[in-house]
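Q: Mind having a look at this structure? Questions to follow.
Read the figures in this text as sums done on the coordinates, not as results from a lab. Just so we're clear, the structure is a prediction, and the values are computed from it rather than from any experiment. Counting neighbours? That spans all protein chains shown, and the Cβs are built from the backbone with ideal geometry, glycine included.
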């Protein structure tokens with residue numbers, strides 16, 4: 001089975017080299033469609049065996065991605081971005097995977113940010129004219145994959161291959177002038193694109209428009225209440241999480257929204273953590289502790305939830321430090337010290353956790 005890696009790029013100088021290096025030895029063809037780079041992206045790409053195509057940006061991600069598919073000769077397509085890296089675990093290989101003739105596509109493990117767990121994302125699919133991207137932003141080929149699967153009696157598999165995304169760690173505000181109009185256009189056509197409601201609100205938040213972000217997330221939630229799929233995917237809880245965090249930071253009421261979120265998405269761990277955080281804010285420590293105990297017991301290195309990625313800190317310093325505070329306030333100082341030290345192992349401010357651990361130890365000795 002032959003594989004084409006299909007990329008669209010524009011001004012990806014910091015990322016493109018590592019992306020293309022990660023593909024070496026795993027794919028048979030790399031099609032790179034450039035939509036107007038002005039930096040060294042093309043120069044760097046030419047150091048790799050790529051087939052370079054130019055395609056003027058039209059304000060439509062699907063148009064650019066489908067242009068890349070036009071030049072793909074492989075029997076399978078790996079769709080990847082410049083700020084992602086392909087990871088093939090030991091004992092796995094694309095030829096071995098693709099020898100299964102009963103599959104139309106495969107879901108890989110996508111790590112969306114550094115320091116986050118993975119979720120399942122469909123990124124590998126048959127090179128078939130019936131499968132093309134749709135949507136000006138947050139484009140997808142899912143409808144085409146589903147249609148081919150039904151017509152040809154195939155299904156979608158899951159595998160251990162992974163993509164690691166490294167492009168969200170910097171300031172994202174420079175993308176707002178492009179993304180905000182595209183997101184509004186996407187929502188005008190597809191108002192049930194709930195991830196687009198979240199993304200638009202986040203863009204407005206980054207732009208300093210908190211009221212606009214809150215209104216956008218609220219509008220998305222109004223759509224969700226009417227059209228929530230059943231069973232509701234865990235990922236759809238992101239609108240609640242975003243609005244709850246914003247309201248908490250502004251000292252606004254949370255009870256009704258949090259109760260609704262937990263009723264709709266009871267297994268969403270980010271919402272459970274918020275529930276515990278709100279309980280601690282109110283001094284309701286006995287209700288917070290069982291939630292935090294469950295979260296700190298999760299091994300972030302082995303945890304995998306196909307529907308949703310989580311900040312690994314949820315199972316590390318975030319929950320450990322909050323649980324330590326519960327023990328400290330209830331007079332269990334030795335437990336508090338132990339948890340503060342555990343939090344220090346992954347905290348961005350380990351020195352603060354160490355100071356708190358020493359204070360807890362001092363309180364324990366003074367008893």
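Q: Run the helix sum for the chain: -39,500 (n - 2.57) per DSSP H stretch of 4+ residues, divided by residue count, reported at 222 nm to the nearest 500 deg cm²/dmol.
A: -14500 deg cm²/dmol
Q: With the alpha-carbon atoms as the only input, what is the per residue convex hull volume for segment 177-266 in Å³?
A: Value for segment 177-266: 86 Å³ per residue.
Q: Could you check the simple spin-label distance between residue 259 and residue 362, using points 7 Å along Cα→Cβ, in nm with one decimal?
A: 4.3 nm
Q: Quick one, which of [x] 23.0, 74; [y] 21.2, 70; [z] 18.4, 54 is the actual Rg and Dmax of the Cα atoms in Å calculated for this model?
A: Computing Rg and Dmax of the Cα atoms in Å and matching it to [x] 23.0, 74; [y] 21.2, 70; [z] 18.4, 54 gives [x].
Q: Would you mind checking the tilt of helix 61-70 against the longest principal axis of the Cα atoms of the chain, expressed as 0 to 90 degrees and rounded to 10?
A: With rounding to tens, the tilt is 40 degrees.
Q: Let me understand segment 281-367 better: what is its radius of gyration from the alpha carbons, and its Dmax, in angstrom?
A: Cα only, segment 281-367: 13.5, 48 Å (Rg, Dmax).
Q: If I fit a long axis through the Cα atoms of helix 269-281 and take the longest principal axis of the Cα atoms of the chain, what angle between them do I get, 0 to 90°, rounded to 10?
A: Roughly 30 degrees between the two axes.
Q: Something else now. Just rank 26, 199, fewest to most, by other beta-carbon atoms within 10 angstrom.
A: Going from least to most buried by this count: 26, 199.
Q: Hey, another quick one. Between residue 215 and residue 51, what FRET efficiency comes out of the Förster formula 1/(1 + (r/R0)^6) with R0 = 51 Å and r the beta carbon distance, rounded to 0.05?
A: After rounding to 0.05, the efficiency reads 0.70.
Q: How do 36-42, 138-144 rank on mean C-beta neighbours within 10 Å, highest first?
A: Packing proxy ranking, top to bottom: 138-144, 36-42.
Q: How long are the semi-axes of the ellipsoid equivalent to segment 214-367, from square roots of 5 times the Cα gyration tensor eigenvalues, in whole Å, largest first?
A: After scaling each eigenvalue by five and taking roots: 32, 17, 13 Å.
Q: To the nearest 10 degrees, how steep is helix 317-329 against the longest Cα principal axis of the chain, on a 0 to 90 scale?
A: 10 degrees
Q: Of all DSSP beta bridges located in the chain, what percent are antiparallel, nearest 5?
A: 40 percent
Q: What fraction of the DSSP beta bridges in segment 3-165 is antiparallel, stated in percent and rounded to the nearest 5?
A: Counting DSSP beta bridges with both partners in segment 3-165, the antiparallel share is about 40 percent.
Q: Between residue 176 and residue 307, what is the label-to-label distance in nm when each label sits 7 Å out along the Cα-to-Cβ direction?
A: 3.3 nm
Q: Right, another one. Just the ratio, please: alpha-carbon radius of gyration of segment 3-165 over 2.2 N^0.38 Å, N its number of residues.
A: 0.99
Q: Expressed as a whole number of Å, what is the distance separating the alpha-carbon centroids of segment 14-86 and segment 205-261?
A: If you average the Cα positions of each part, the centres end up 35 Å apart.
Q: For segment 89-239, what is the percent of antiparallel DSSP beta bridges, rounded to the nearest 5?
A: 50 percent
Q: Extension gain residue 38-residue 96, at 0.36 nm per residue separation less the Cα-Cα distance, in nm?
A: Full-extension gain reported as 17.0 nm.
Q: Distance between Cα centroids, segment 158-191 to segment 279-339: provide it in whole Å.
A: Their Cα centres are 30 Å away from one another.
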